[in-house]
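One structure below.
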There are 2 protein chains.
Amino acid sequence: MATVGAELPDADAVRSRVNCWLDGFLEGKAQTAVGLRMPAEAHQCLRDFLAAGGKRLRPLVCVSGWQAAGGRGELGPVVAVAAALEMFHAFCLVHDDVMDDSATRRGAPTVHRRLARHHHDGRSTAAARRLGASAAVLVGDLALAWSDELLSTADLTSHQLQAVLPLIHVMRDEVMYGQYLDVTSAGRPTADVEKALRIVRYKTAKYTIERPLHIGAALVDAPPTVLDALSAYALPVGEAFQLRDDILGAFGDPTTTGKSSWEDLRDGKQTALMALALQRADAVQRRVLLTRVGDPALDEDGATRIRDILTATGALRAAEDMISHRREQAQHALDHAPFPPTATAALRQVADAAAVRTT
Amino acid sequence: MATVGAELPDADAVRSRVNCWLDGFLEGKAQTAVGLRMPAEAHQCLRDFLAAGGKRLRPLVCVSGWQAAGGRGELGPVVAVAAALEMFHAFCLVHDDVMDDSATRRGAPTVHRRLARHHHDGRSTAAARRLGASAAVLVGDLALAWSDELLSTADLTSHQLQAVLPLIHVMRDEVMYGQYLDVTSAGRPTADVEKALRIVRYKTAKYTIERPLHIGAALVDAPPTVLDALSAYALPVGEAFQLRDDILGAFGDPTTTGKSSWEDLRDGKQTALMALALQRADAVQRRVLLTRVGDPALDEDGATRIRDILTATGALRAAEDMISHRREQAQHALDHAPFPPTATAALRQVADAAAVRTT
């Protein structure tokens, strides 16, 4: 089973440094809560969420960007910046799970479900669920504020800060606007592959790969040629990553993905995979897709019918072809990139792992 | 009708400068959305929300803190910092309204209700409401990210930034933890006035008065004696502000407060006013309070019964006494404060207006 970044030079060391940094930061927040006589559960939820797993993909990609632009030796402030990206990602996931009312994440109950259960006692189920959602929105808010705090306490030079902050601002806008488009178009299946890919581009491709690479590179003053070479690599990798995510969301094994395999279908997310199926579907298949995808009452049987259509129409095959094509584009971009060989090798592995992962 | 800060020297000028700054910033974000081919509604919601009113209390208090610590002449970066505080406040209100499912704010539909209506077409009411809540969470997320962006693009010296950022971080933790405690204890009326006041202290007193004063003062390198004098003034004013808010939440005129007069009662918020009533209630009154406060089906008749008990038990009188006492404490603190006379005069007016306002 390929795990993204597992083969990066020092990938485990990076993960461990980032985890330590996050843990120390949250330990400080635990002390703050004690000082304010506030409940421990908000920061405890985040600690548990971060400890439950996650590939630390954005931190690893950020470090790769730093290496590609010539960063070497002691990781120094790149770890703090990478930790800020991971905290930002926790914010995204906690809020996404509230919006989708997802039940599980990283193989455990989602934050809002856990908090609903924690506060159920003496309340109606509806009231507890409402409270769980509200409390989880606040946990996410804290994670967003803390990602910013991690960055501004990262001990960057003011030159580094000036290089990194505009990229962080753009990244946040892109991912939130992408999520906005995703949320407001959910339940309305589209055959418009370009529109589905636009959501993908902002919500995932730039956010997961391009921006973390640029942010890492900005720490060592990368010239525009390096940033452009990183983009030429990043966008196909990011799209391949999301296309794989779409396929895993419909066909993945819940025991390895850590989330239900039909929630994406039930939520009716506009994915490129679904758009490809709608383009190829006959009248009967089309009607099944339009009525079943996004149906809140969708069950395993319904999900199976959708999956059969995704396969029968050739949409799954077409999505796999798109992934292969993007993987090749990324490898080709690396052939011409002005990166040190170790960085190029690491990025080749990220591209392969993003395209073929199972989690 | 007293409006907080209306009599501050240059209060209107401060409001106008802050409004201009926010407007210019959001105009830039409108351009960003066009560039990303993203829907205009997210930033448009925030623009409309900010344009719909609001007292700009935190910006005014921030400028007062700056003046109290010796700031004078051109407002300069204090305007950008004040604008960041107002954007942060927009974040708080948008998310609070989702959590409370409030219908109106500033006399208009709340952001989540507006977005639910906007996206209703072709969706069930339940799906549209869910979508409205999700989209409003994202609008709030953008406001939080943008408050931070406003601050980091405020053209502060690195010395000013180092003085201000830790205060911003503490303020955010306090208000989010306070809101967390508020949300997780809602629907459980308490006779514990101290606990109700602790929520008040973090959610409002420090957030609305003390921290904005400190942040303004930090811009001109205020010594600890000035910060302490500001705190001695701020905490009673902030508590008076919140106690007045509790009373307005139960007894206020919806046409001046801009929000329903029984939502607070229906949501069962733990307020000092309610704690005072529970302490003084006889068995029958107590039973009414415990069953009606926090009842999702509460109507105007039920609200009237609660209001009658708040009056009959003397809780309303006691809360008014607490407000008067805090107003005197604040005035007394100002008698001994080392502030320039114009700043002292402005802060006296803020204290009076916070205690007697009707909106």
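The values are calculated or read from the model by the stated rules, or taken from the named source; none is laboratory data. Predicted model, so just to flag it, every value in this text is computed and none were measured. Heads up, the Cβs are rebuilt from the backbone with ideal geometry, glycines too, and the neighbour counts pull from every protein chain shown.
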Report task. Please indicate, with yes or no, whether at least one residue in segment A:231-241 is under 14 Å from the mean Cα position of the chain (by Cα) and of a type in the set (G, A, S). Result -> yes
Query raised in the report: surrounded by 22 or more Cβ atoms within 10 Å (Cβ to Cβ) and within 21 Å of B:H169 (Cα to Cα): does that describe A:A143?
Result: yes
Requested in this report: Go through segment B:20-57 and count every residue that is within 14 Å of chain A (Cβ to nearest Cβ), in a helix (DSSP H, G or I) and not charged (D, E, K, R).
Outcome: 14
Report summary line: Pairs returned, first residue in segment B:146-170 that is among the acidic types (D, E), second residue that is assigned to a helix (DSSP H, G or I), beta-carbon separation under 7 angstrom, 6 or more apart or interchain, are B:D148/A:D148; B:E149/A:H169; B:D155/B:P77; B:D155/B:A80
Query raised in the report: Do we find a residue being assigned to a helix (DSSP H, G or I), modelled with pLDDT under 90 and either touching a Leu at 6+ places or on another chain (Cβ under 7 Å) or away from chain A (no Cβ under 14 Å) (or both) anywhere in segment B:205-224?
Result: yes
Query raised in the report: Is it the case that some residue within segment B:245-262 is touching a residue at least 60 places away in the same chain (Cβ under 8 Å), within 14 Å of chain A (Cβ to nearest Cβ) and surrounded by fewer than 21 Cβ atoms within 10 Å (Cβ to Cβ)?
Result: no
Requested in this report: Take A:V170 and decide whether it is buried (at least 20 other Cβ atoms within 10 Å of the Cβ), at negative phi and assigned to a helix (DSSP H, G or I).
Outcome: no
Report summary line: Only one of (1) surrounded by fewer than 19 Cβ atoms within 10 Å (Cβ to Cβ); (2) in contact (Cβ under 8 Å) with a residue 12 or more places away in the chain does not apply to B:A218, and that is (1)
Query raised in the report: Would it be correct to say that B:A135 is aliphatic (A, V, I, L, M), buried (at least 24 other Cβ atoms within 10 Å of the Cβ) and under 23 Å from the mean Cα position of the chain (by Cα)?
Result: yes
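To keep it simple, each residue is scored yes or no on (1) of a type in the set (S, T, Y); (2) touching a residue at least 60 places away in the same chain (Cβ under 8 Å); (3) surrounded by 15 or more Cβ atoms within 10 Å (Cβ to Cβ); (4) assigned to a helix (DSSP H, G or I).
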residue: B:T304; (1), (2), (3), (4): yes, no, no, yes
residue: B:L316; (1), (2), (3), (4): no, yes, yes, yes
residue: B:R327; (1), (2), (3), (4): no, yes, yes, yes
residue: B:A330; (1), (2), (3), (4): no, yes, yes, yes
residue: B:T344; (1), (2), (3), (4): yes, yes, yes, yes
Query - Of all residues making up segment A:153-167, the number that are at the interface with chain B (Cβ under 7 Å from one of its Cβ atoms) and either crowded, with 22+ Cβ neighbours inside 10 Å or at pLDDT 95 or above (or both) - result: 1
**Report entry** Matching residues in segment B:172-191 - criterion: being more than 10 Å from chain A (Cβ to nearest Cβ) and of a type in the set (A, V, I, L, M)
**Finding:** B:A191
Query raised in the report: Within segment B:67-114, which residues are buried (at least 24 other Cβ atoms within 10 Å of the Cβ), more than 17 Å from the chain's Cα centre (by Cα) and over 24 Å from B:E174 (Cα atoms)?
Result: B:Q67, B:H112
**Report entry** Hits in segment B:327-353 (condition: touching a helix residue (DSSP H, G or I) at 6+ places or on another chain (Cβ under 7 Å) and among the small types (G, A, S))
**Finding:** B:A330, B:A333, B:A337, B:A343, B:A346, B:A351
